[in-house]
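Bear in mind that the values in this text are calculations on the coordinates, not laboratory data. Treat the numbers as computed from the prediction; the structure is a model and nothing was measured. Backbone-built Cβ (ideal geometry, glycine too); neighbour counts: all protein chains shown.
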């Protein structure tokens, strides 16, 4: 039996938490995306020719959406979990009649909502500032949803594993950000030497970026079906891992 | 026998191969005010953290109203409210909102929790602070909030881990009064403390724990009678010689110091008439009698050879 009210309450708390500090959780992503558009759109674009038949600013925008989505989704769960551990809030959850599944789901949904809000806002910025055409809106939303859920789950794994802000920052700076940049946000991998192209294929974020780029611009370095199934696979993998870890309680109990 | 609210059987726990609990057994009846008394690091917090699901046990069983805390965790946790020793911090929400969240975790909707939240904020003197964040509260208010949080789902069992640690005297007395009221209303209360006065004043029964072992259980009165150093000091009008009086008092445990006789007895008040009678028989004039009742502190000292605050 599920404690639905408990699940709803914790989800509500997680969503309320990031909305209450929107200056930290929503505005920065928007500002940096606008800056990318302004810098690339009004300066660099005149020197960089089109990529795959679209303007450079338009080409990078799907990647910006994805980057914003996945960093926000993962940092919501990871920072919230670590904060609860460090500020002695976690006992409130662990002594309540909530199962590991319910706690994990509430966190994941909270992070997913933040990922979606941030992703959609950057999408809107693209539509408003550069007339971004969206060839398949449901497809775009499905990618934003899947990536938000997958990386929110990944963040929950990170949050359970981490014991300090330093460790969390290390995962973010040495793993997530480089993979995002190397996943083809700013370039087509066809512009890379062959060995670098092969390396990109083992970067999961490459598939996410190309997947959403296809649903928006109908341009992609790899088939959209592979990107879709990769997103589903990542979602299932990280969700299972986050739930199993939470249910075992090994990283959050003594 | 009265129904048991909490049963702890042969509970063992080690941290990195260092034993924290070495086979703890405790029974607490429904409606009882029970104290777990011991110095820092004795195993008090580990015991209640296992009971509430924060720490894994290595061995043994814990039952709450006859249900296992692992198998039936939803049931057992819904019956317990815990006020932890460590004060939690939250930067995001008002204390009123936090109480609604807490009720929600226990499956109580905001609508249904409203009456209880208002009652608790009022009763614990937090009503005017309902829109404040935790960081804006004083230490004493945070402590009271901790208790409100433990009670918001109206649990039958209240567990308090060192509830008055680091609070001023006035608040300590306020909290004691409130805990007595809750007990009077029928709540089963398990309190951990290293304040002797607190245990003596509030608890019907205590268990003395040290180094992960329960050394003794019973009511504070019974324990001090059994193990303390209670006695009577009789001031007499003259110096006495042991040779003269020992034939009349040799079945009693006493010492002589000039014109003072000290009798070690379990119940000083009951022993007064007997001692007066004996001394009168041998014509020893009495000037004053002073009773010395031992405290749980003496009991602890007796059992462990060290002070509880060491």
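Only one of these conditions is not met by residue B:31: (1) away from chain A (no Cβ under 13 Å); (2) under 30 Å from residue B:118 (Cβ atoms); (3) crowded, with 24+ Cβ neighbours inside 10 Å. Which number is it?
If we test residue B:31 against (1) away from chain A (no Cβ under 13 Å); (2) under 30 Å from residue B:118 (Cβ atoms); (3) crowded, with 24+ Cβ neighbours inside 10 Å, just (3) comes out false.
Determine the pairs where a residue that is at positive phi, located within the stretch B:278-291, has a partner that is assigned to a helix (DSSP H, G or I) with Cβ atoms under 8 Å apart, the partner being 6 or more residues away or on another chain.
Final answer for the pair search is none.
So how many residues does the stretch A:43-84 have that are out of contact with any helix residue (DSSP H, G or I) (no Cβ under 8 Å at 6 or more places or on another chain) and under 30 Å from residue B:87 (Cβ atoms)?
Residues in the stretch A:43-84 being out of contact with any helix residue (DSSP H, G or I) (no Cβ under 8 Å at 6 or more places or on another chain) and under 30 Å from residue B:87 (Cβ atoms): 1 in total.
Looking at the stretch A:31-51, is at least one residue under 26 Å from residue A:74 (Cβ atoms), away from chain B (no Cβ under 14 Å), in contact with a strand residue (DSSP E or B) (Cβ under 6 Å, 6 or more places away or on another chain) and in a helix (DSSP H, G or I)?
Looking through the stretch A:31-51, none of the residues is under 26 Å from residue A:74 (Cβ atoms), away from chain B (no Cβ under 14 Å), in contact with a strand residue (DSSP E or B) (Cβ under 6 Å, 6 or more places away or on another chain) and in a helix (DSSP H, G or I).
State which residue is nearest to residue B:250 (Cα to Cα) when the search covers only the stretch B:282-302 and only residues that are over 19 Å from the mean Cα position of the chain (by Cα) and crowded, with 16+ Cβ neighbours inside 10 Å.
Applying the filter and picking the extreme gives B:284.
Taking the stretch B:129-139 as the region of interest, how many residues are free of Cβ contacts under 8 Å to residues at least 40 places away in the same chain, surrounded by 15 or more Cβ atoms within 10 Å (Cβ to Cβ) and assigned to a loop (DSSP other than H, G, I, E, B)?
Of the residues in that region, 2 qualify.
Taking residue A:5 and the conditions (1) loosely packed, with under 15 Cβ neighbours inside 10 Å; (2) within 14 Å of chain B (Cβ to nearest Cβ); (3) assigned to a helix (DSSP H, G or I), which numbered condition does it fall short on, given that it satisfies the others?
Unmet condition: (1).
Could you check the stretch A:8-30 and list, in sequence order, the residues that are part of a helix (DSSP H, G or I) and away from chain B (no Cβ under 14 Å)?
Once the filter is applied, which keeps residues that are part of a helix (DSSP H, G or I) and away from chain B (no Cβ under 14 Å), the stretch A:8-30 yields A:27, A:28, A:29, A:30.
Let's see how each residue does on (1) assigned to a helix (DSSP H, G or I); (2) within 16 Å of the chain's Cα centre (by Cα):
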| residue | (1), (2) |
| --- | --- |
| B:111 | yes, no |
| B:115 | yes, no |
| B:141 | yes, no |
| B:146 | yes, no |
| B:164 | no, yes |
| B:186 | no, no |
| B:190 | no, yes |
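When the residues of the stretch B:62-80 are narrowed to those that are in contact (Cβ under 8 Å) with a residue 60 or more places away in the chain and more than 10 Å from chain A (Cβ to nearest Cβ), which ends up farthest from residue B:187 (Cα to Cα)?
Going through the qualifying residues, I end up with B:66.
Out of (1) more than 10 Å from every other protein chain (Cβ to nearest Cβ); (2) buried (at least 22 other Cβ atoms within 10 Å of the Cβ); (3) within 21 Å of residue B:53 (Cβ to Cβ), what's the single condition that is false for residue B:154?
The number of the failed condition is (2).
Any idea which residue in the stretch B:87-128 is surrounded by the most Cβ atoms within 10 Å (Cβ to Cβ), counting only those that are within 22 Å of residue B:188 (Cα to Cα) and within 13 Å of chain A (Cβ to nearest Cβ)?
B:105
For the stretch B:262-287, give me each residue that is under 25 Å from residue B:221 (Cα atoms) and not in a helix (DSSP H, G or I).
Within the stretch B:262-287, B:262, B:263, B:264, B:265, B:266, B:267 meet the criteria.
For residue B:77, work out the one condition from (1) surrounded by fewer than 24 Cβ atoms within 10 Å (Cβ to Cβ); (2) over 16 Å from the mean Cα position of the chain (by Cα) it doesn't fulfil.
Of (1) surrounded by fewer than 24 Cβ atoms within 10 Å (Cβ to Cβ); (2) over 16 Å from the mean Cα position of the chain (by Cα), only one is false for residue B:77: (1).
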